[in-house]
Amino acid sequence: MKRISLFILYFIILHSSLFILTSCVQEDEYDNSCRGNFEALWKLMDEHYCFFGYKQLELGVDWREVHRRYAGRVNEKMNNEQLFEVLAEMIGELKDGHVNLSASFDYGRNWSFYQEYPANYNDSIVSLYLGHDYSIASSLKYVILEDNIGYVRCESFADGIGDGNVSMMLNSLAACSGIIIDVRNNGGGQLNYAHTLASHFTNEKVLFGYICHKTGKGHDDFSKPVAQYLEPANSGIRWQKPVVVLTNRRCYSACNDFVNCMKHCANATIIGDHTGGGSGMPFNSELPNGWGVRYSAVVHYDAEMRHTEFGIDPDIFVEMSGADTDMNKDTFIEKARTMLN
Amino acid sequence: MLLSSLCAFSQEIKNFAFPDSVEERRVPPAIKPIPPVEEINGLNEDIYGQLEQIEHLRHVVAPLPSIHSTMIGVGHANVLDSYLAPYNYTGTNFRFQLESLRITSGGNQRQSQLDVNGALLENRVGNTNAYSAGARYAMTWYYVNEIKEHLRIGYGPEASAYIGVTYVNRSGNNPANAHSDIMLNLAGMANYDFTLWGKKYNLTYQLAVPFLGIAYSPNYGQSYYETFVLWNLDHNLLFANPFNMPSLRHRLLLDIPVGRRGSTVRIGYVGQFNQSTFNNLKFHSYTHDFMIGYTKTFIR
């Protein structure tokens with residue numbers, strides 16, 4: 001008993017002394033200066049961004065070389081706008097829509113994933129297909145076209161989509177010979193809403209990809225990829241007829257994941273343009289001056305362990321035709337209707 | 001006959017000695033019934049003093065006090081959670097402590113404590129807010145030694161359970177981080193009674209450091225979508241020890257007697273230095289609070 005008491009006493013004294021003398025858990029603090037913010041951003045990305053290996057392979061981005069190149073452009077005489085321009089340009093080298101710098105006066109981004117490509121979408125023409133009497137189930141707008149094809153417009157996965165929303169919608173479209181799910185210009189949102197919608201189009205549990213995250217500061221420090229499965233919807237209606245998904249370059253992030261899921265659904269066909277990609281789940285952080293930073297942190301692969309960061313090919317490529325546009329026709333929707341009829 | 005029994009009793013009293021160690025004190029000495037005072041009139045005067053000592057001893061052994069206290073406090077917080085941001089957030093901390101301390105029959109102490117805190121924080125340029133909150137329940141067993149008159153020190157094990165969260169007010173897939181642990185800690189205390197202006201005051205210092213346990217932490221870049229939607233766990237439950245959780249909690253309390261017997265106003269300082277380095281993530285929460293409250297003593 002006495003020995004235990006002494007041990008406890010000695011331990012407390014030793015531990016307290018160690019605590020006081022050595023152990024303050026701190027991160028490296030950077031000055032709130034131009035140089036400090038530059039170094040803080042570079043290091044934040046260096047330690048947390050998840051696609052360095054892939055971007056080096058695809059784009060030749062060497063992050064250390066990027067540091068050397070941009071460090072010379074930073075000096076303490078710069079004003080906020082000039083510093084922002086340099087920092088935004090530096091992270092733009094990664095060509096990742098999920099990598100952003102946000103200040104009160106600007107939003108740094110590289111949206112080349114769609115800006116360098118045809119839009120393949122005309123909102124005014126889509127409005128003509130929807131008409132005025134369309135129904136709305138959460139973020140799903142839907143209507144039955146004249147040829148008994150259901151048309152569903154899904155602009156975002158940011159708002160909650162539940163099994164009830166999808167089932168009620170599918171019930172309303174039950175008499176249709178097929179449906180079109182138009183996710184063009186859908187910039188993403190919550191992954192689980194995308195998966196909820198997709199789960200109503202499969203009768204089997206299907207492997208659609210893998211997911212992994214960083215486990216350390218090194219560019220190659222990743223966890224073991226874990227398989228992701230699309231499970232059939234537990235409740236409500238599962239669609240058994242053909243379904244066509246319309247895509248363009250602005251299908252990004254969670255929408256990219258939705259398209260990836262739908263590629264594994266037996267009755268689904270993807271029609272349109274290559275998707276925008278954005279397979280890295282973004283995290284947020286900040287710089288010493290308070291500017292927000294967003295970066296890709298979690299990697300999604302497809303079922304063959306390929307990156308989908310730069311998008312997914314459709315089953316059938318389609319481009320908007322000028323002639324159709326002149327006639328207020330949407331080439332993508334018309335192609336889908338032809339297929340479903 | 002009466003005289004001989006009284007003589008034997010008197011000899012026993014003379015041979016009586018106060019126990020030195022806790023072990024000895026845990027077994028109270030057998031006390032024979034005290035004869036009525038009238039029967040010992042005329043004996044050695046010293047016997048009255050010794051009888052008083054026995055009477056006092058009887059009271060020390062029998063009634064066991066239980067001290068209950070409630071305190072609220074306000075102070076300063078400094079929080080770093082590198083899962084959310086690599087910078088310190090600072091601000092105002094609020095603390096509430098509810099405590100019960102029981103003196104056991106051997107003079108040792110058993111303390112149970114609920115400690116709740118919440119902090120309003122902001123980053124160093126003041127453009128992002130964060131909120132931090134946590135609750136800890138701890139049960140401590142102190143083995144107490146009286147090393148000098150009015151001065152006692154105690155040490156012993158402490159079992160604690162903690163759950164807390166830090167939330168940064170910006171959207172994204174990592175807006176918050178949870179912290180949780182179940183720990184066996186080692187605790188120490190010093191307790192000093194003193195009299196000032198005719199009133200008895202009590203000064204207490206308590207300290208606890210982690211020893212062994214289990215703690216939760218997300219992995220370095222692991223999203224909560226993976227953890228709580230997909231249930232892809234990856235080194236989320238970790239063995240905690242003084243090297244990856246070099247933390248320390250201490251407090252200094254002064255009990256000032258007021259009003260009715262057994263009630264005191266309690267003022268003090270609570271400092272908590274909770275730190276961890278799990279999965280290459282760094283966390284610290286340093287809080288300093290000025291506390292005020294009251295205590296009530298009950299006799300069991």
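Look at A:Phe222 and say whether it is in contact with a Lys or Arg (Cβ under 8 Å, 6 or more places away or on another chain), at the interface with chain B (Cβ under 10 Å from one of its Cβ atoms) and of a type in the set (Phe, Trp, Tyr). Answer is yes for this residue.
Taking the range B:106-151 as the range and being of a type in the set (Ser, Thr, Tyr) and either more than 13 Å from chain A (Cβ to nearest Cβ) or part of a loop (DSSP other than H, G, I, E, B) (or both) as the test, the residues that pass are B:Ser112, B:Thr128, B:Tyr131, B:Ser132, B:Tyr137. Out of the residues in the range A:100-116 that are of a type outside the set (Ser, Thr, Tyr) and exposed (fewer than 14 other Cβ atoms within 10 Å of the Cβ), which is nearest to A:Leu41 (Cα to Cα)? Going through the qualifying residues, I end up with A:Phe105. Among the residues making up the range B:74-105, those that are more than 11 Å from chain A (Cβ to nearest Cβ) and at pLDDT below 95 are B:Leu101, B:Arg102, B:Ile103, B:Thr104, B:Ser105.
Residue by residue, here is whether (1) in a strand (DSSP E or B); (2) closer than 18 Å to A:Glu204 by Cβ; (3) within 13 Å of chain B (Cβ to nearest Cβ); (4) at pLDDT below 95 holds:
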site: A:Gly236; (1), (2), (3), (4): no, yes, no, yes
site: A:Lys241; (1), (2), (3), (4): no, yes, no, no
site: A:Leu246; (1), (2), (3), (4): yes, no, no, no
site: A:Arg250; (1), (2), (3), (4): no, no, no, no
site: A:Ala266; (1), (2), (3), (4): no, yes, no, yes
site: A:Thr269; (1), (2), (3), (4): yes, yes, no, no
site: A:His274; (1), (2), (3), (4): no, no, no, no
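Applying the criterion of being in contact (Cβ under 8 Å) with a residue 12 or more places away in the chain and out of contact with any Ser or Thr (no Cβ under 9 Å at 6 or more places or on another chain) to the residues of the range A:97-108, the residue that is nearest to A:Asn256 (Cα to Cα) is A:Asn100. Scanning the range A:78-96 for residues that are in contact (Cβ under 8 Å) with a residue 24 or more places away in the chain and out of contact with any Asp or Glu (no Cβ under 7 Å at 6 or more places or on another chain) turns up A:Met78, A:Asn80, A:Glu81, A:Leu83, A:Val86, A:Leu87, A:Met90, A:Ile91, A:Glu93, A:Leu94, A:Lys95, A:Asp96. When restricted to residues that are closer than 18 Å to A:Lys329 by Cα and more than 29 Å from the chain's Cα centre (by Cα), the range A:160-180 contains 0. The set of residues from the range B:173-188 being within 11 Å of B:Tyr224 (Cβ to Cβ) and within 13 Å of chain A (Cβ to nearest Cβ) comprises B:Asn173, B:Asn174, B:Pro175, B:Ala176, B:Asn177. Looking at the range A:178-192, is at least one residue part of a helix (DSSP H, G or I), open to solvent by less than 50 Å² (accessible area, probe 1.4 Å) and farther than 24 Å from A:Asp123 by Cα? Yes, the range A:178-192 has at least one match.
For the range A:271-292, enumerate the residues that are β-branched (Val, Ile, Thr) and surrounded by fewer than 24 Cβ atoms within 10 Å (Cβ to Cβ). Of everything in the range A:271-292, just one residue is β-branched (Val, Ile, Thr) and surrounded by fewer than 24 Cβ atoms within 10 Å (Cβ to Cβ), namely A:Ile271. Of the helices (runs of 4 or more DSSP H) entirely within the range A:20-133, those holding at least 3 residues that are within 14 Å of chain B (Cβ to nearest Cβ) occupy A:34-48.
The conditions of being of a type outside the set (A, V, I, L, M), open to solvent by 10 Å² or more (accessible area, probe 1.4 Å) and in a loop (DSSP other than H, G, I, E, B) are met by A:Glu304. Applying the condition of being open to solvent by less than 70 Å² (accessible area, probe 1.4 Å) and hydroxyl-bearing (Ser, Thr, Tyr) to the range A:117-131 and asking which residue is nearest to the chain's Cα centre (by Cα) yields A:Tyr121.
Residue count for the range A:72-108, restricted to those that are within 21 Å of A:Tyr54 (Cα to Cα) and of a type in the set (Lys, Arg): 1. For beta carbons closer than 8 Å, sequence separation of 6+ or different chains, a first residue in the range A:147-159 that is closer than 20 Å to A:Asp330 by Cα and in a loop (DSSP other than H, G, I, E, B) and a second that is aliphatic (A, V, I, L, M) and open to solvent by 50 Å² or more (accessible area, probe 1.4 Å), the qualifying pairs are A:Asn148/A:Ala175.
Please find, within the range A:193-234, the residue that is nearest to A:Tyr252 (Cα to Cα) out of those that are open to solvent by 60 Å² or more (accessible area, probe 1.4 Å) and assigned to a strand (DSSP E or B). Restricting to residues being open to solvent by 60 Å² or more (accessible area, probe 1.4 Å) and assigned to a strand (DSSP E or B), the top hit is A:Tyr229.
For the residues B:Leu64, B:Leu80, the requirement of being buried (at least 21 other Cβ atoms within 10 Å of the Cβ) and not small (Gly, Ala, Ser) singles out B:Leu80. Listed by first and then second residue, the pairs linking a residue in the range B:146-171 that is over 18 Å from B:Leu121 (Cβ atoms) to a residue that is outside any strand (DSSP E or B), with Cβ atoms under 6 Å apart and 6 or more places separating them unless they lie on different chains, are B:Tyr155/A:Ile8; B:Tyr155/A:Leu9.
Rundown of residues vs (1) at pLDDT 95 or above; (2) surrounded by fewer than 16 Cβ atoms within 10 Å (Cβ to Cβ), yes/no style:
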site	(1), (2)
B:Met139	yes, yes
B:Leu151	no, yes
B:Gly156	no, no
B:Ala215	yes, no
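The residues of the range B:153-165 that are within 14 Å of chain A (Cβ to nearest Cβ) and of a type outside the set (A, V, I, L, M, F, W, C), listed by number, are B:Gly154, B:Tyr155, B:Gly156, B:Pro157, B:Glu158.
The values are calculated or read from the model by the stated rules, or taken from the named source; none is laboratory data. This structure is a prediction, so every number in the text was calculated from the model and none was measured. We place every Cβ from the backbone using ideal geometry, glycine too, and count neighbours over all the protein chains shown. Areas reflect the complete protein model, heavy atoms only, side chains present, ligands, DNA and RNA absent. Shrake-Rupley method; radii C 1.70, N 1.55, O 1.52, S 1.80 Å.
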